[in-house]
Amino acid sequence: MTVNSVLVLGGGFTGLTSAIALALRGVENVTLVERAPAWARVGHGITVQGNALKVFQDIGVVDEILRRGFGADGVTLFHADGSVMMRLQTPKTGGEDLPATLGALRADVHEILVERALELGVKFRLGTQVVSFENHGDSVSVLLSDGTTEFWDLMIAADGIKSSTRPKLGITAERASSGLGIWRGVTNRLPEMTGGIAYPAPGDEGAYKVGYTAISATQCYVFVLCEPQRTPNDLPDWQEMKRLMEPFHGEFDWLRESLNESTYLNFQEIEWIFVEEPWHRGRVIALGEAVHAVPPLIAQGAAQCVEDALLIADYVTREGDLEAHLTEFQERRIPRIKGVVDASLQLAYWECHPGSPDAQPGRVMAQALAELVAAP
Ligand SMILES: Cc1cc2nc3c(=O)[nH]c(=O)nc-3n(C[C@H](O)[C@H](O)[C@H](O)COP(=O)(O)OP(=O)(O)OC[C@H]3O[C@@H](n4cnc5c(N)ncnc54)[C@H](O)[C@@H]3O)c2cc1C
């Protein structure tokens, strides 16, 4: 085996899935450092598509994710008045035995991954950061914020889109605005409300679109896609989200009225990055959103992250030249991720420029997902 000790930086979906996959492949010492002092149940819902469910199946957690989430075969598209435009089927990117897509609470998926990592003997160091690292041929020494310096066969930096490791690896690509902002909140739903997206009527201003994903038998996650900066007004957040949802009717009337001052919601600008220059230097490699993050318009961000995580464990536990394996790993990942990036950015452009004469969002979305049916 090429590596026996791996330090994983970051306890999001990429870091946790990498750590689990490495432990499953027999890497003796897998240690994960996370700057948060404790695992907190935070975050909204997430759409987990088939290819991400397939990864979760391979690492032994899919049954619990399916049990807690809400599986679906697609999403209904609505006009602003609440009438149905069409039903969009999601391709089964994880194979026939898994749902095409599933809505879940982020905190649930995270908790399941943490439990699985602990079960496999992954060591966690919470409240800890990497201060510096230095490559030494066949190892990397890492100074942590707890004052310890240790040598590792490999360090995986899964520290997210704002990665502080990325520039330290000499990567020059930088994150950029997608031109979009998003409000997200978790609220209740009626049993017949299984997932939808509504588009504004011509001339309507404010939201680019609104949508919701069922995340359990009783709950859903609602989003409003809009300009990247919050409208300057004095409204409390929940009232601002309601205001943006006002032009949308049917199921969205019910969802809007369910929002109140205690709804867990927030607003953020959506950024993106796609690093095509090498993700690794010596014994350090950046993965997941540290090297590719996209606007969530085909809901593939985390799916691509966990695909990275499962595959890296395969490559780094092969016999032979580790650096050559890391290069080969990236060469395999880039075309697949590029398809997701290109489609997501095209869709983001059309969201920001309503009325674009060449806009064909349905075709681009369907084609991008169809290409992911092939194994990663
Ligand atoms: C609005 C929005 C909606 C989305 N919806 C979906 C969706 O429906 N489906 C989907 O598949 N994807 C979606 N995504 C994308 C998905 O959320 C991300 O791709 C995924 O969560 C990234 O995981 P990650 O582990 O790479 O990064 P993160 O989740 O950012 O994890 C990085 C971790 O590293 C830690 N960290 C950072 N710096 C340090 C440091 N210096 N030291 C120690 N720890 C550190 C952080 O605390 C964090 O825990 C969405 C993204 C956005 C913005």
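Of note:
- Within the chain, antiparallel bridges make up roughly 75 percent of the DSSP beta bridges whose residues both belong there.
- With coordinates expressed along the principal axes, the C-alpha atoms belonging to the chain extend over 62, 40, 40 Å, beginning with the largest.
- Share of alpha-carbon pairs per 10 Å distance bin for segment 179-268, given as whole %: 18, 55, 25, 2
- Using θ = phi - 60° in the Karplus curve 6.51 cos²θ - 1.76 cosθ + 1.60, the 3J(HN,Hα) couplings for segment 15-22 round to x, 5, 5, 4, 4, 5, 5, 5 Hz; x is entered for Gly and Pro.
- Result for the chain in a Gaussian network model with C-alpha springs under 10 Å: among Ile112, Ile273, Ile337, the largest mean-square fluctuation is at Ile112.
- If the segment from Asp204 to Glu277 were pulled out straight at 0.36 nm per residue, it would be longer than the present Cα-Cα gap by 22.1 nm.
- Remark on Val48: its backbone amide H falls under 5 Å from those of Leu102, Gly103, Ala104, a criterion applied only to residues 5 or more positions apart or on other chains, H modelled at 1.01 Å from N.
- Nearest-20 debye value, the chain charge dipole, Cβ charges on Lys, Arg, Asp, Glu: 160 debye
- Subset of Lys92/Lys123; Lys54/Lys162; Lys92/Lys168; Lys92/Lys338; Lys168/Lys242; Lys123/Lys338 violating a 31 Å alpha-carbon distance limit: Lys92/Lys123; Lys92/Lys168; Lys168/Lys242; Lys123/Lys338
- For the residues Pro296, Pro191, Pro278, a GNM of the chain with alpha-carbon springs under 10 Å puts the largest fluctuation on Pro191.
- Whole-Å distance, taken between Cα centres, linking segment 126-178 and segment 198-260: 38 Å
- In order through segment 90-107: 3J(HN,Hα) via Karplus (6.51 cos²θ - 1.76 cosθ + 1.60), integer Hz, x for Gly, Pro: 8, x, 7, 6, x, x, 5, 8, 10, x, 4, 7, 9, x, 8, 6, 3, 4
None of the figures in this text is laboratory data; all of them are computed from the coordinates on show. Only a predicted model underlies this, so the values are computations on that prediction, with no experimental measurement involved. As a convention, Cβ positions derive from the backbone with ideal geometry for all residues, glycine included, and neighbour counts pool all protein chains shown.
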